[in-house]
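Asks: Just dropping this structure here.
The values are calculated or read from the model by the stated rules, or taken from the named source; none is laboratory data. Quick caveat: nothing in here was measured; it's all calculated off a predicted structure. In this analysis, Cβ positions are derived from the backbone assuming ideal geometry, glycine residues included, and neighbour counts consider all displayed protein chains.
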Amino acid sequence: MPRAESRFPMSDDAFQPSDTLLCDTHAHLCDPGFDRDRGEVLERAKRAGVGAIIAVGENLRDARVNLALAEEYPWIVRVAAGLFPTILDLEQAEELEGWIRRHAGELIAIGEVGLDYWKVEEGEDREVQKEIFGRFVSLAVELDLPLNIHSRSAGAATLELLLDLGVDRAQLHAFDGRASRALPAIEAGYFLSIPPSVVRSRQKQKLVRQVPLQNLLLETDSPVLGAEPGARNEPANLGIALRAVAEIKGVPPEAVAEATRDNSLELYGQGLFNSGGS
């Protein structure tokens, strides 16, 4: 993917909203890279104005870890569970489906699920991938949970499946297609989330220019997709994405904070920022 030299501020002076809490709508808090200082990472996020983090999962192990994290840090961690699209294992999918049914009341979303045509190239494997994704989409509809979706090099196929199955609550995380390919998502009322890597990605910058603010969310995809390639990303960096969106859109950062907060609440519910203590 082409990269643009960053022209956006990336100082440690993160955007500090006076009364607008931000939501990191897609982060891998269960990643072992956070094991040594996860509590400090979450405190830094809180100081940076992040009031909720949706901890996505890639497998059953992640789902269990994220649920434990939500119990330990109820003031900021919200749980999503899903099977990463490169895991082409129907038995794993079935086992995770059962876990999600049992814990549906403790989840805020199903994810990370989706399609990945970048790594999955064979037609037969793609059919298995679509079957697994379809099962999780149907489960989300049944349980009335929003979807947190991966669609690398598969934006059109992902949107076709979502629309065919009648999904009305979805987030396309780090969408990597042309902005024109996102039009069906916008028309369906879906949301697209922007990570800090927007400062170095022409594709993400074009996406932000063309997608209405009412369809945008913020994410970090921690520990990856940070402003600096190869450096560990964390939720406290959400302000980098916010400031970049504000500059691209030509609006005050406060306007982006308020809009993305409202969008997060619309998708994930009014309990998103409910505190369980700190």
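Asks: Considering only the range 110-143, state which residues are of a type in the set (D, E, K, R), surrounded by 16 or more Cβ atoms within 10 Å (Cβ to Cβ) and within 19 Å of GLY177 (Cα to Cα).
Replies: Listed by number, the residues that qualify are GLU112, ASP116, ARG126, LYS130.
Asks: Please state which of the following conditions ARG36 fails to meet, knowing it meets all the rest: (1) part of a strand (DSSP E or B); (2) without any contact (Cβ under 8 Å) to a residue 24 or more places away in the chain; (3) basic (Lys, Arg).
Replies: Condition (1) is where ARG36 drops out.
Residue-wise test of (1) closer than 19 Å to ARG135 by Cα; (2) under 17 Å from the mean Cα position of the chain (by Cα); (3) in a helix (DSSP H, G or I); (4) at pLDDT 95 or above.
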site	(1), (2), (3), (4)
LEU161	yes, no, yes, yes
ASP168	yes, yes, no, yes
PHE175	no, yes, no, yes
ARG181	no, no, yes, no
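Asks: Within 19 Å of the chain's Cα centre (by Cα) and among the acidic types (Asp, Glu) - does that describe any residue in the range 76-89?
Replies: No.
Asks: Can you tell me how many residues within the range 68-86 are β-branched (Val, Ile, Thr), closer than 17 Å to GLY269 by Cβ and assigned to a loop (DSSP other than H, G, I, E, B)? Talk me through it step by step, then tell me what you get.
Replies: From the range 68-86, those β-branched (Val, Ile, Thr) are 76-77, 79, 86; that's our starting set.
Filter again for closer than 17 Å to GLY269 by Cβ, leaving 76-77, 79.
If we keep only those that are assigned to a loop (DSSP other than H, G, I, E, B) as well, we get 76.
Number of matching residues: 1.
Asks: Being in contact (Cβ under 8 Å) with a residue 40 or more places away in the chain and not in a loop (DSSP other than H, G, I, E, B) is the filter; apply it to the range 147-159 and report the residue that is farthest from the chain's Cα centre (by Cα).
Replies: Restricting to residues being in contact (Cβ under 8 Å) with a residue 40 or more places away in the chain and not in a loop (DSSP other than H, G, I, E, B), the top hit is ALA157.
Asks: Taking VAL65 as meeting all but one of (1) at pLDDT 95 or above; (2) of a type in the set (A, V, I, L, M); (3) in a loop (DSSP other than H, G, I, E, B), write down the number of the exception.
Replies: Unmet condition: (3).
Asks: Which of the numbered conditions does ARG200 fail, given that it passes all the others? Conditions: (1) under 30 Å from ASP37 (Cα atoms); (2) in contact with a helix residue (DSSP H, G or I) (Cβ under 9 Å, 6 or more places away or on another chain); (3) in contact (Cβ under 8 Å) with a residue 40 or more places away in the chain.
Replies: Of everything listed in (1) under 30 Å from ASP37 (Cα atoms); (2) in contact with a helix residue (DSSP H, G or I) (Cβ under 9 Å, 6 or more places away or on another chain); (3) in contact (Cβ under 8 Å) with a residue 40 or more places away in the chain, ARG200 misses just condition (2).
Asks: Can you find a residue that is assigned to a loop (DSSP other than H, G, I, E, B) and of a type in the set (Lys, Arg) anywhere in the range 87-101?
Replies: No: zero hits.
Asks: Hey, another quick one. Mind listing whichever residues of the range 155-187 are surrounded by fewer than 15 Cβ atoms within 10 Å (Cβ to Cβ) and closer than 19 Å to ILE248 by Cβ?
Replies: Matches in the range 155-187: ARG178, SER180, LEU183.
Asks: What are the residues in the range 56-71 that are more than 24 Å from LEU88 (Cβ to Cβ) and either touching a Lys or Arg at 6+ places or on another chain (Cβ under 9 Å) or in contact (Cβ under 8 Å) with a residue 60 or more places away in the chain (or both), if any?
Replies: Initial filter on the range 56-71 (more than 24 Å from LEU88 (Cβ to Cβ)): 67-71.
LEU69, ALA70, listed by residue number.
Asks: It is to be established whether one or more residues within the range 91-102 are small (Gly, Ala, Ser), more than 21 Å from THR158 (Cα to Cα) and at pLDDT 95 or above.
Replies: Within the range 91-102 (the criterion being small (Gly, Ala, Ser), more than 21 Å from THR158 (Cα to Cα) and at pLDDT 95 or above), the answer is yes, since at least one residue qualifies.
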